[in-house]
Amino acid sequence: MSENKQRPGEKKIKQNHSSEKDEVITQRKNLRKKEEKIVGKIILVIALTLLIVGGILGFTVYRYVDSGLKPLNPKDKQLVQIEIPSGSSNKQIGEILEKDQVIKSGIVFNYYTKFKNMTGFQAGYYQMSPNMTLDEIGKQLQEGGTSEPTKVADGKIVIPEGYDIEQIASRVAKVTGKEKQEFLDLMKDESFFNELHKKFPELLDSASQAENVKYPLEGYLFPATYDYYKQMSLKDLVIQMVNKTNTVLQPYFSTIKQQNLTVQEVLTLASLVEKEGVKENDRKNIAQVFFNRIEANMPLQSDISVLYALGEHKEMVTYQDTAVDSPYNLYINTGFGPGPFDNPSEASIQAVLEPTKNDYYYFVADMKHGDVYFAKTYEEHLELVDKYVNNS
């Protein structure tokens, strides 16, 4: 009986032990919470640091790429001669251009040309300046350089594909310092044209027989990059351009004859195709549409012809515009018209000589996406216009 009897003070001791244990547990919990807070702060600091570093790195990369896409020095027109060895890759070409201080970054050039699918760069000697864009440099590399070093030119005249003579005159005046009208007057000089005809008879025979033309050499100034020297006359420059057209067309002369076409007709359709289509398959289909309409004695109804007749460059053509009284207006005149409306690329010339056979008579371009849609009937064409033009 006495063994089961509680001793004095025993309950109090047990209660003290219990409270001490609870206090230790509480302290441990508080310590764990403090540790968790510290760890949380450390993780937050690390995350913020990484975010800031990542942002700085991303911004730095963006600035580097953005800077590399721009000309090295927009104000520096001084040409330097550069050699591109045979077999050079885009990366190696970029390194050469950066080393010769023509571009800011060879790395950016390498990735940009790959992204833009720029291929066919040729070996040779080139004259380039720090104010040139990557697109201009790429285009020149595709055109090819010279096999031997040449005297450094005083300037470069870049003629984009699809430029008409009025636009070329402005570009020439800007580089040479000569008056635009002086170039335009030369384009209407009959004696000069006759000189060129004797020099390039196969090229200019059909042009010499054309009537009601605005500029007899429209379509014959090939879009390319040309060297300009201060001692060079405008005649010398134009001869260089016409000679380039003659060189490009040389392999096609027999094909043109076989297809019962003239050079003037081919360049006329090519000048329309140049402005109407961007993709190769679209251009070839558009060329066939034009042939289909000519065979059916239908007017080509190209807005490009109306704009040329008006002497304007704008996006939209009105119904009033299509009534302009001009032999170049192919809304009211059938056939090819007097001659080319601009100076087309070789790709557009090829599209005319190798069109994709189809039975379409109409097409409309989705200006937002650059796609072209074709139709066999006028009703189908109106539906496409409503869908891709009126509701775009």
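The numbers here are math on the coordinates, done by the rules we state, and not lab data. The shown structure was predicted, so the numbers you read here are calculated from the model rather than taken from an experiment. Every residue, glycine among them, receives a Cβ derived from its backbone with ideal geometry; neighbour counts consider all protein chains shown.
Estimated from helices alone, the mean residue ellipticity of the chain at 222 nm is -17000 deg cm²/dmol (sum of -39500 (n - 2.57) over DSSP H runs with n ≥ 4, per residue). Loop-located trypsin sites (Lys or Arg not before Pro) across the range 326-392 with a Cβ neighbour count of 11 or fewer within 10 Å are LYS357, LYS368, with loop assigned by DSSP.
Where a ≥ b ≥ c are the square roots of the eigenvalues of the C-alpha gyration tensor, would you call the range 255-389 rounded, which needs a/c under 1.5, or, failing that, prolate if a/b is larger than b/c, or oblate? Rounded shape, in that the Cα axes give a/c under 1.5.
Under a Gaussian network description of the chain, with springs only between Cα atoms under 10 Å, the residue in ILE46, ILE168, ILE239 that fluctuates furthest is ILE46.
I want to verify a result. In a Gaussian network model of the chain, Cα cutoff 10 Å, which of these has the top mean-square fluctuation: ILE93, ILE52, ILE294? The residue with the greatest mean-square fluctuation here is ILE52.
Modelled spin-label separation between THR119 and ASP185, with each label point placed 7 Å from Cα along the Cα-to-Cβ direction: 4.8 nm.
The label-point distance for SER254 and GLU312, in a model that sets each label 7 Å from Cα toward Cβ, rounds to 4.7 nm. For the range 101-184, trypsin sites (Lys or Arg not before Pro) are listed when DSSP marks them as loop and at most 16 other Cβ atoms sit within 10 Å of their Cβ; the list is LYS116, LYS151, LYS178.
What shape does the range 80-143 have by the C-alpha gyration tensor, where a ≥ b ≥ c are the square roots of the eigenvalues, rounded means a/c under 1.5, and otherwise prolate means a/b greater than b/c and oblate the rest? Here the range 80-143 falls in the rounded category. If the chain linking THR49 and GLU195 were pulled fully straight, counting 0.36 nm for each residue of separation and taking away their Cα-Cα distance, it would gain 45.2 nm.
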